[in-house]
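Below: one structure, written as structure tokens.
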Amino acid sequence: MQTTQPPRKTRTTYELLQLVFSLLNQKLSFNEGIITIARRGGEARLSCALYGALNAAMQGPQTIDQLWIDEVFPSPALQTMFKYQTLYKRETITMDKLATLFSKRLLDLSLL
């Protein structure tokens, strides 16, 4: 006899953005915002990633505690892409540079 699990609660894009921007407007600390989103369930990884990116873009990367940064690691596929993209270039792409680039681009888009 198979047991069925209840369907996972997923948010629409609108609900996801509404949640993230609501928490950004509350000016919570980075940790409080991430924990609040994670406790609400649903697409928690996506919601937390979006919250983290927008929080860092709006308030600067220094708002992210080192304990969160230490938990981020590139996948083997991402490392292979970095290696391929930088094979003939003098600059090495790092996660810090990539995060800074994404944050700047998000900030530029928000100013349009």
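Bear in mind that the values in this text are calculations on the coordinates, not laboratory data. Computed from a prediction, not measured in an experiment: that's the story for all the values here.
Subtract the Cα-Cα distance of LEU46 and LYS104 from 0.36 nm times their separation in residues, and report this length gain in nm to one decimal.
Using 0.36 nm per residue and subtracting the Cα-Cα distance, I get 18.9 nm.
What are the aspartates and glutamates whose alpha-carbon lies under 14 Å from the alpha-carbon of LYS104, with same-chain residues fewer than 8 places away excluded?
Within reach: ASP96.
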